[in-house]
1. Pairs under 6 Å by beta carbon, first residue closer than 14 Å to V72 by Cα in the stretch 19-30, partner acidic (D, E) and modelled with pLDDT of 85 or more, six or more apart or different chains?
2. Pull out all pairs, ordered by first then second residue, where Cβ-Cβ is under 7 Å, the residues are six or more apart or on different chains, the first lies in the stretch 53-68 and is without any contact (Cβ under 8 Å) to a residue 40 or more places away in the chain, and the second is assigned to a helix (DSSP H, G or I).
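The values are calculated or read from the model by the stated rules, or taken from the named source; none is laboratory data. A quick note: this is a predicted structure, and the numbers were derived from the prediction, not measured. Cβ coordinates were reconstructed from backbone atoms using ideal geometry, including for glycine residues, and neighbour counts include every protein chain displayed.
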Amino acid sequence: MRRAMKRCRVAMLEYLPQLLPRFLALRATASGLLVWENGEDETHPPRHMTGVSRARVLALWLLLADGDVAAVDAKPWLPGYGPFLQGA
């Protein structure tokens with residue numbers, strides 16, 4: 001798992017700025033909340049998942065590291081920022 005995390009971190013630092021829109025974000029919290037945002041595309045408002053495992057977060061980050069935004073976008077997201085960030 002650590003090797004995969006390192007691969008993801010290296011890929012994100014080296015390649016994501018060139019591959020992905022500037023305001024694309026996949027944020028995870030320790031509580032299992034995952035938020036997916038594309039600030040450059042108003043037709044895709046923020047979405048979230050709850051109860052997301054570290055392994056699933058890593059898998060989604062690896063998809064992004066590979067530039068597969070469509071695969072991340074196709075997951076079963078719920079509308080908004082989620083229960084913990086709605087008022088923030």
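1. Every condition considered, the pairs that remain are A25/E37.
2. Between residues of the stretch 53-68 that are without any contact (Cβ under 8 Å) to a residue 40 or more places away in the chain and residues that are assigned to a helix (DSSP H, G or I), the close pairs are L60/V72; L63/A71; L63/V72.
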